[in-house]
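Q: Have a look at this one before I ask anything.
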Amino acid sequence: MKLPEIIGIAGTNASGKDTLAHMRAEISGCQHVTVSDILRRHLITEGIPLERKNLSDLSRQWRSETGDYGTLVTRTISAYLGEKALMGFTGLSVVSLRHPQEAERIKDHDGKVIWIDADPLTRYARITSVDRSRVDDNKSFEEFLAEEEQDMNPGDDNDPARVNMSAVMEIADIHITNNYATLTEYRDYLAGTFEL
């Protein structure tokens, strides 16, 4: 299956989201933008600790301020469309969608949303065995699971700007389970599935 020009990649922590975006960039010349990195850069600039709660709070703040709950993706797609000819990009991969309206922004541009997941123990082993240079990866397995539960299930605070990854998962077009033992096996799967 060939992927469309614009895709959104969502999923659980350390499931392999960036791997697909990296492959599209390497093989097809697609731009790779990670929503979480936009938030991280802002927190660093403001001197705010890189913790998952702070990332979530900042994304919620920006959604509330703009009234566009897909604002990070809206901005990313707008920038891509404005510079793709100049930069020679052939597509866009937006990684780390965390709100259903971010997924809807992808679909508004005839894109597809891909949800990637893996066994929690496998994912935790990935963040503790690989240096991803993310301060927010330093946590116990219990903290890892608790943070994920909070992101997946928005609770009953009725704040429409809150992260809601379960809703993103529900509207995703394609679901992938990445329990591959090696990165090579996973990359081979992605290359074959998406004709990369």
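The values are calculated or read from the model by the stated rules, or taken from the named source; none is laboratory data. Remember, it's a predicted structure, so these values are computed and weren't measured experimentally. Cβ atoms come from the backbone with ideal geometry, glycine included; neighbour counts cover every protein chain shown.
Q: In this structure, does Gly82 turn out to be modelled with pLDDT of 90 or more and over 13 Å from the mean Cα position of the chain (by Cα)? First the steps, then the outcome.
A: Working: modelled with pLDDT of 90 or more: yes; over 13 Å from the mean Cα position of the chain (by Cα): yes.
Against the criterion (modelled with pLDDT of 90 or more and over 13 Å from the mean Cα position of the chain (by Cα)), Gly82 qualifies.
Q: Next question. What's the number of the condition Ile48 fails, among (1) within 26 Å of Thr182 (Cβ to Cβ); (2) of a type in the set (A, V, I, L, M); (3) not in a helix (DSSP H, G or I)?
A: Result: Ile48 fails condition (1) only.
Q: A further question on this structure: Limited to region 19-30, what total is found for residues that are in contact (Cβ under 8 Å) with a residue 40 or more places away in the chain and under 25 Å from Ser56 (Cβ atoms)? Step through it out loud before you land on a result.
A: As a first pass, look at region 19-30 and keep what is in contact (Cβ under 8 Å) with a residue 40 or more places away in the chain: 19-21, 23-25, 27-30.
When the remaining residues are screened for being under 25 Å from Ser56 (Cβ atoms), the result is 19-21.
Residues in region 19-30 being in contact (Cβ under 8 Å) with a residue 40 or more places away in the chain and under 25 Å from Ser56 (Cβ atoms): 3 in total.
Q: Quick one: what pairs do we get from region 113-129, first residue modelled with pLDDT of 95 or more, second among the β-branched types (Val, Ile, Thr) and part of a helix (DSSP H, G or I), C-beta under 6 Å, 6+ apart or different chains?
A: Val113/Ile106
Q: Further question on the same structure: Only one of Leu190, Leu196 is modelled with pLDDT under 95, farther than 26 Å from Arg41 by Cα and surrounded by 15 or more Cβ atoms within 10 Å (Cβ to Cβ); which? Working first, answer last.
A: On the way: Leu190 fails: modelled with pLDDT under 95.
Among Leu190, Leu196, only Leu196 is modelled with pLDDT under 95, farther than 26 Å from Arg41 by Cα and surrounded by 15 or more Cβ atoms within 10 Å (Cβ to Cβ).
Q: List, please: which pairs have Cβ atoms under 6 Å, are six or more places apart or on different chains, and start with a residue in region 149-174 that is over 20 Å from Thr71 (Cβ atoms) and touching a residue at least 40 places away in the same chain (Cβ under 8 Å) and end with one that is basic (Lys, Arg) and buried (at least 17 other Cβ atoms within 10 Å of the Cβ)?
A: Close Cβ pairs (under 6 Å, with a partner that is basic (Lys, Arg) and buried (at least 17 other Cβ atoms within 10 Å of the Cβ)) amount to Asp173/Lys112.
Q: Filter region 12-29 for residues that are closer than 30 Å to Leu145 by Cα and assigned to a loop (DSSP other than H, G, I, E, B) and give the result.
A: Here is the first cut: in region 12-29, the residues closer than 30 Å to Leu145 by Cα are 12-24.
Scanning region 12-29 gives Thr12, Asn13, Ala14, Ser15, Gly16.
Yes or no, residue by residue, for (1) under 22 Å from Ser59 (Cα atoms); (2) touching a strand residue (DSSP E or B) at 6+ places or on another chain (Cβ under 9 Å):
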residue	(1), (2)
Phe89	no, yes
Ser93	yes, yes
Pro100	yes, no
Asp110	no, yes
Asp119	no, yes
Glu142	no, no
Gly155	yes, no
Asn158	yes, no
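For every residue, the table says whether it meets (1) crowded, with 16+ Cβ neighbours inside 10 Å; (2) among the hydrophobic types (A, V, I, L, M, F, W, C); (3) within 23 Å of Met169 (Cα to Cα).
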site	(1), (2), (3)
Ala14	yes, yes, yes
Ala25	yes, yes, no
Val33	yes, yes, yes
Thr45	no, no, no
Leu92	yes, yes, yes
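Q: Which pairs turn up if I take residues in region 1-18 that are farther than 20 Å from Ser78 by Cα and acidic (Asp, Glu) and look for partners that are at pLDDT 95 or above and outside any loop (DSSP other than H, G, I, E, B) with beta carbon separation below 6 Å, at least 6 apart in sequence or on another chain?
A: Partner pairs satisfying both residue conditions: Asp18/Val95.
Q: If you check Glu102 against the conditions, is it surrounded by 18 or more Cβ atoms within 10 Å (Cβ to Cβ), in contact (Cβ under 8 Å) with a residue 12 or more places away in the chain and assigned to a helix (DSSP H, G or I)? Steps first, please.
A: Working: surrounded by 18 or more Cβ atoms within 10 Å (Cβ to Cβ): yes; in contact (Cβ under 8 Å) with a residue 12 or more places away in the chain: yes; assigned to a helix (DSSP H, G or I): yes.
Yes; evaluated as a whole, the condition is true for this residue.
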